[in-house]
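Colleague: Please read through the structure below; I'll follow up with questions.
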Amino acid sequence: MFEAWSTDTGPAKGGPAPKGPDPVLGLALGGGGARGLCHIGVVRVLEELAIRPDVVSGTSMGGLIGAFIAAGYNAEQMAEIATDLRWSKLIDWSPISGRLLNTKGFERWLVELLPATFEELELPLVLTATDLNDGRIHYSQRGDLITALLATTAYPGALEPVTLGRARLVDGGLLNQIPVDGALFLGAHKVLAVNATPLVRVDHPVDDAGAPRRRIRMTALHELMRAVDVMQAQLTMARLSFYKPDVLLDAPMEGLEIAEFHRAKHAIDAGEAVAREHREELLSLVPSR
């Protein structure tokens, strides 16, 4: 069983953050399905700059990538996994269960590639999930890593919630899309946050020029997904006003939908591009060398 906190203020303080003369650097990775693969591109640039996070926090796909980082995978290894993998094989259609998908293949894949527990990771990691029963955020950083990953990536209605006592845990992005607070509570003094789902304006007037935009023909499904994006973006901005990262990277991926895992390279390249654009800001996170 993994340890989780049902609270909106964060996990227990005093975690296993490394001690030393240099500031502790935290990496907070947001969710976003296939868009979340942009984190790999960001890590590629961090490696080139010899910037290594001391603690990692993540939500949904950001939590999954965060687990690979905490387990010691480098950017090229993660990029190879993401681009070579047939993601559709990990999650099977399961109409009998009443869910759109089941996660048996995904769970087997996690077991093959990652340690069983948080304690076996090379870096401290915290993952977020959302409890559908009490409407609160859960944070996990000890015990069963695989179960915690299933919880943070359990998209409501599509994937089976994870049961923990009375809690029914689903995707952490519902309430905490970019868990800067998780990194802070692990002891980070500075935090780099990566947003894989920056809100893109749709069909706004010409005099609004300057903001990213794209013109799409709204279907009922698009309207629903757009409404979720808008609500999530507003909640994310509110949370970031309380827990401010030192550097926030917004990785725009125009036209890339959350389920388009076959376009992994596009997402990775987008993350790399935005990180290179903010090279000096990234270097400001670490002591001068």
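Colleague: Could you tell me the calculated FRET efficiency between E76 and K104, based on Cβ-Cβ distance and R0 = 30 angstrom, to the nearest 0.05? Walk me through the numbers before you get to the answer.
Modeller: On the way: r = 29 Å, r/R0 = 0.96.
E(calc), rounded to 0.05, equals 0.55.
Colleague: Percent of accessible area on region 28-96 owned by carbon and sulfur, 1.4 Å probe?
Modeller: Values: 1300 of 2470 Å².
Of the solvent-accessible surface of region 28-96, carbon and sulfur hold 53 percent.
Colleague: Given the whole protein assembly as supplied and a 1.4 Å probe, what does the accessible area of K265 come to in Å², nearest 10?
Modeller: 130 Å²
Colleague: Once phi is turned into θ = phi - 60°, what whole-Hz ³J(HN,Hα) does the Karplus curve with 6.51, -1.76 and 1.60 give for every residue of region 183-190, x standing for Gly and Pro?
Modeller: With coefficients 6.51, -1.76 and 1.60, one gets 5, 5, 6, 7, x, 5, 8, 10 Hz.
Colleague: Once amide H atoms are built 1.01 Å from N in the peptide plane, which residues 5 or more positions from D171, or in another chain, come under 5 Å H to H?
Modeller: Answer set, sorted by chain and number: T130, A154, Y155.
Colleague: Further question: Can you tell me the accessible area per residue over region 123-196, all protein chains present, probe 1.4 angstrom, in square angstrom? List each step's numbers first, then the result.
Modeller: On the way: 2160 Å² over 74 residues.
Value for region 123-196: 29 Å² per residue.
Colleague: Modelled label-to-label distance, D229 and A158, 7 Å Cα→beta-carbon offset: nm?
Modeller: Here the answer is 1.4 nm between the modelled labels.
The values are calculated or read from the model by the stated rules, or taken from the named source; none is laboratory data. Because the structure is predicted, anything quoted here is derived from the model rather than measured. For neighbour counting, all protein chains shown are included, and Cβ atoms are generated from backbone atoms with ideal geometry for every residue, glycine included. Areas reflect the complete protein model, heavy atoms only, side chains present, ligands, DNA and RNA absent. Shrake-Rupley method; radii C 1.70, N 1.55, O 1.52, S 1.80 Å.
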